[in-house]
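Inspection log for the structure reproduced underneath, given as structure tokens.
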Protein chains: 2
Amino acid sequence: MMGVRAQQKEKTRRALVDAAFNQLSAERSFSSLSLREVAREANIAPTSFYRHFKDMNELGLTMVDEGGLTLRQMMRKGRQRAEAGGSVIRISVDTFMEVLESNPNVFRILLHERSGTSAPFRAAVAREIEHFISELAHYTEATAGRAPDFARAQAEALVTLVFNAGAAALDMKRVDRKVLADRLVIQLRMVAKGAEALQHKMENR
Amino acid sequence: MMGVRAQQKEKTRRALVDAAFNQLSAERSFSSLSLREVAREANIAPTSFYRHFKDMNELGLTMVDEGGLTLRQMMRKGRQRAEAGGSVIRISVDTFMEVLESNPNVFRILLHERSGTSAPFRAAVAREIEHFISELAHYTEATAGRAPDFARAQAEALVTLVFNAGAAALDMKRVDRKVLADRLVIQLRMVAKGAEALQHKMENR
DNA sequence: TTTTTGAGCGTACATCTGTACGCTAATTTA
DNA sequence: TAAATTAGCGTACAGATGTACGCTCAAAAA
């Protein structure tokens, strides 16, 4: 059981993380936030920040980990919906777009730091994306009977296309997102179809 | 004919652009450069910067435009090589990897500002990428007989995969790049094959 | 009860930033 | 030749940043 003191500390820590997430937007990346800004938004003195994080990097990495987890949990929930029947691709895309709409800033930090200037950040984001890829590769291997290497390449392509579309969607209004989602579905089908065709070609030799 | 004075001005302007390009690296993005840093590297006083650019944004947009142009020119040269025969996909990928290796910073600014915090930057990068996509869509339409909408979706997927691989390649050593390039070729073939299959499916209905 | 711990604060400082302003000196124009 | 233009510089300033240091005072440990 947590003492009064530890509870309060956790509360402040959350306030810091939330403050940072809330300050993210299309015009504001994590790396452009200053320690003082985050502290201000969380209503603590700048120097108190250090009671919770060594520096801004540590806060950022926490956010990436937390964000990746959130995203994966939501996508997994969506996949359960797909098990009821219907196009897996379609349902996954729709789920993804919903996640994007309700947690844009979680996606933003992953998206932006993926091509950021800090190697640890890039590695952390890569790790999160890797989770998506390997979950998907495993799924494809099992249900479509792909060879492991092939399943991997296919999954990577699928995730790349989805992430990229997500980035584009962030800037868009709902109507345009719909068009984007439809096009994305077509592109994902291209990859799926093509992977199948290539696999057959290799087997019949 | 340019007077002595205009020549000198152009030279200094170039020094600024080059200074900025040279300061880019995996650890340093354009948006993290300060006006003073760039001026220092170009050996002019900070305040002289304003004789050439309104602010850092104007310099950055110049770099994006210039970079996009460079990239397209190099890719076009590569495409001529492909006309001699061989796999278009393979040759294009190899060309791209060579371009990447000889102009990493040109690619870096496009890559990073694509998901940056400045709307004008994002728009400028999107414009450059759009050039790649429409050149490719036109090519696919002509040589593979795709329907326009389909060719567009396909080209978009191809370019997305290539750019994404490029981003990954920036961090890698030569050996790993080779593995990456091979996988990229497979992914691009998936898209090409799949687009073909989907197109046939639509025609036979 | 007494002692120790530690979250949060306020002050302070060195460093860096963008840019306003006015000058110089060389080129260009008249 | 005389006048106008302008690239580049030096000085100066206000604002923001990260963080060192020492204090307080409530909670936890002894």
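The values are calculated or read from the model by the stated rules, or taken from the named source; none is laboratory data. Given the structure is predicted, the values throughout are model-derived calculations rather than measurements. In this analysis, Cβ positions are derived from the backbone assuming ideal geometry, glycine residues included, and neighbour counts consider all displayed protein chains. Remember, those area values only see protein heavy atoms, side chains included, never the ligands or the DNA or RNA. Shrake-Rupley method; radii C 1.70, N 1.55, O 1.52, S 1.80 Å.
Quick look at the values:
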item: Segment B:134-205, Rg to Rh (Cα coordinates; Rh as Kirkwood inverse mean 1/r); result: 1.08
item: Global geometry of the protein assembly as shown, whether rounded, prolate or oblate, following the gyration tensor of its Cα atoms and the 1.5 cut on a/c; result: oblate
item: Chain A Cβ-axis minimum, rotational copy B, residue and distance in Å; result: A:Gly194, 1
item: Per-residue SASA entry for A:Lys193, accessible area with 1.4 Å probe, Å² rounded to 10; result: 70
item: Exam field: A:Arg76 pseudo-label spacings to other copies (7 Å along Cα-Cβ), nanometres; result: 5.1
item: Cα long-axis angle, helix A:104-114 against chain A (0 to 90 degrees, to the nearest 10); result: 80
item: Semi-axes of the equivalent ellipsoid for segment A:1-53, Cα gyration tensor, largest first, Å; result: 23, 12, 7
item: Accessible area buried between chains B and A, both sides summed, probe 1.4 Å, in Å² to nearest 100; result: 2900
item: For chain A: accessible area per residue (Å², 1.4 Å); result: 53
item: Label distances, nm, B:Met172 versus same residue in remaining copies, Cβ-directed 7 Å point; result: 2.9
item: Estimated FRET transfer efficiency when R0 is 41 angstrom, pair A:Met202-B:Asn103 (beta carbons, to 0.05); result: 0.70
item: Positions from segment A:168-205 whose accessible area shrinks by 40 Å² or more when the full protein complex is built, not the chain alone, probe 1.4 Å; result: A:Arg183, A:Gln187, A:Met190, A:Lys193, A:Leu198
item: Sites B:Glu10 and B:Arg40, calculated FRET efficiency, Cβ-Cβ separation with R0 22 Å, nearest 0.05; result: 0.60
item: Residue order for A:Arg177, B:Arg36 - accessible surface, 1.4 angstrom probe, largest first; result: B:Arg36, A:Arg177
item: Kirkwood hydrodynamic radius of segment A:57-203, from inverse mean 1/r over distinct Cα pairs, in Å; result: 16.0
item: Within straight-line cross-link reach of A:Lys9, lysines at Cα separation under 26 Å, skipping those fewer than 8 residues along the same chain; result: A:Lys54
item: Within the accessible area of chain A (1.4 Å probe), percent carbon and sulfur; result: 53
item: Efficiency of FRET between B:Asp18 and B:Ser118 - r from beta-carbon atoms, R0 25 angstrom, step 0.05; result: 0.70
item: Residues of segment A:110-138 with amide N under 20 Å of the 7 Å Cα→Cβ point at B:Val179; result: A:120, A:122-138
